[in-house]
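Read through the structure below, which is laid out as structure tokens, and then see the notes.
The values are calculated or read from the model by the stated rules, or taken from the named source; none is laboratory data. The model shown is predicted, which means the values in this text are computed figures rather than measured ones. Neighbour counts run over all protein chains shown; Cβ positions are idealised from the backbone, glycine included.
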Amino acid sequence: MSLDPEKRLRDLEAELAVLQARLRVLVDGSPLGIFFDDAGDKCVFVNTTFCEMMGLSEAQALGDGWARTVHPQDLPRLLGERASSVAGGAPLFRAEYRYYRPDGRVGWVEEQTRPVHGPDGTLLGYVGTLAEISGRKEEEAALARHSEALEERVRERTAELLAQAERLAEMNAALKVLLRQREEDREELEQAVLANVRRRIAPTLDRLEGLCAGEEVRVLTEQLRQGLKELTEPFCHRLSTVCQGLTPAEIQVAELIREGLGTKEIAVRLGVGSSTIDTHRHHLRRKLGLNCRQDSLRSYLLSLESV
């Protein structure tokens, strides 16, 4: 028994209507905005979520109506990227852009669009989805602001540290100058004290000891000589450090040469002949490495004060 063609057609139409209704429920219930564009890239279908997301009716969204909700600053970029994706035959187009609803609300969406082909490979159109990403974009913007604030604080702190380092360097330089001046003042004072002790006090002690006999005078003069020795020990120590092989007599002669005494004066002071002092001079020059006759023995001995 053959089926009635008209009844069969009515049954198929009823079945198709049921399927379409079910599909519509599924599509409209999706949390994503869904749209379908024809092969000419004109919108022919949008679901309820798309309309709610963009603040448009279905009729307003069809054709090129959806474009009115794209932020004016983002629309040229979006259209250009879409055209490049279609021309290149990309299997997936993805973009993030701002929307601007008629009620004034501004947000962000992520679009993903794929081409749809028929059984014979013919391009039927494009199916796409929109996902609301305003929350994520706000978090990214807040993170970017926070990072920028941190970087600014780092830059400011770095500038402060550099300024402090520069001030410390200036203070260190000034301190070095002060310390060097203090050292020079100390050396100058030492030289003045030693010169006065050697040229004035020591000869006066010799005269005093010659004029005044007696044990008490001898003890007093010996104490004074011991004090003078302690004052001159720093120079003697530096001289001994420079040349370990000097004899006590050579060190004594070196001290007197440094004070500016000549050969005859040293000989009188030590109670020896001038030839003996000349011999000590010769040994001092040899041991101190002053082989050139033009090198001043006294100048070298004076320089030991800064060693």
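Among the numbered conditions (1) at pLDDT below 95; (2) more than 38 Å from the chain's Cα centre (by Cα); (3) under 22 Å from G33 (Cβ atoms), tell me where E110 comes up short.
Of everything listed in (1) at pLDDT below 95; (2) more than 38 Å from the chain's Cα centre (by Cα); (3) under 22 Å from G33 (Cβ atoms), E110 misses just condition (1).
Test R94 against the stated conditions and say whether it is free of Cβ contacts under 8 Å to residues at least 60 places away in the same chain, touching an Asp or Glu at 6+ places or on another chain (Cβ under 9 Å) and surrounded by 10 or more Cβ atoms within 10 Å (Cβ to Cβ).
Taking the combined requirement at face value, the residue satisfies it.
Where the second residue is surrounded by fewer than 12 Cβ atoms within 10 Å (Cβ to Cβ) and assigned to a helix (DSSP H, G or I) and the first is among the small types (G, A, S) and lies in the range 62-80, which pairs have Cβ atoms under 9 Å and are six or more apart or on separate chains?
G65/A59
Residues in the range 257-282 that are within 59 Å of the chain's Cα centre (by Cα), in a helix (DSSP H, G or I) and surrounded by fewer than 20 Cβ atoms within 10 Å (Cβ to Cβ): how many?
The qualifying residues number 0.
Taking the range 1-41 as the region of interest, how many residues are part of a strand (DSSP E or B) and within 26 Å of T122 (Cβ to Cβ)?
Within the range 1-41, residues that are part of a strand (DSSP E or B) and within 26 Å of T122 (Cβ to Cβ) number 5.
Only one of D64, D41 is in the same structural domain as V127 (by TED's automatic domain parsing), modelled with pLDDT of 90 or more, among the acidic types (D, E) and closer than 29 Å to S134 by Cβ; which?
Step by step, each of D64, D41 is checked, and only D64 is in the same structural domain as V127 (by TED's automatic domain parsing), modelled with pLDDT of 90 or more, among the acidic types (D, E) and closer than 29 Å to S134 by Cβ.
Any residue in the range 201-219 that is of a type in the set (G, A, S), at pLDDT below 90, farther than 30 Å from G271 by Cα and surrounded by fewer than 12 Cβ atoms within 10 Å (Cβ to Cβ)?
no
Which residue out of A144, A149, A163 is under 30 Å from R94 (Cα atoms) and within 26 Å of the chain's Cα centre (by Cα)?
On inspection, the qualifying residue turns out to be A144.
Here is a check on your reading of the model: is V177 of a type outside the set (D, E) and closer than 22 Å to G65 by Cβ?
Taking the combined requirement at face value, the residue does not satisfy it.
For the condition more than 52 Å from the chain's Cα centre (by Cα) and over 16 Å from G128 (Cα atoms), what is the one hit in R77, R10?
Step by step, each of R77, R10 is checked, and only R10 is more than 52 Å from the chain's Cα centre (by Cα) and over 16 Å from G128 (Cα atoms).
Out of the residues in the range 121-151 that are outside any helix (DSSP H, G or I), out of contact with any helix residue (DSSP H, G or I) (no Cβ under 7 Å at 6 or more places or on another chain) and not hydrophobic (A, V, I, L, M, F, W, C), state the one that is surrounded by the fewest Cβ atoms within 10 Å (Cβ to Cβ).
Selected residue: G121.
Got a number for residues in the range 81-95 being under 16 Å from W66 (Cβ atoms) and assigned to a strand (DSSP E or B)?
2
Those residues that are touching a residue at least 40 places away in the same chain (Cβ under 8 Å) and of a type in the set (S, T, Y), I need them from the range 129-153; list them, please.
T129
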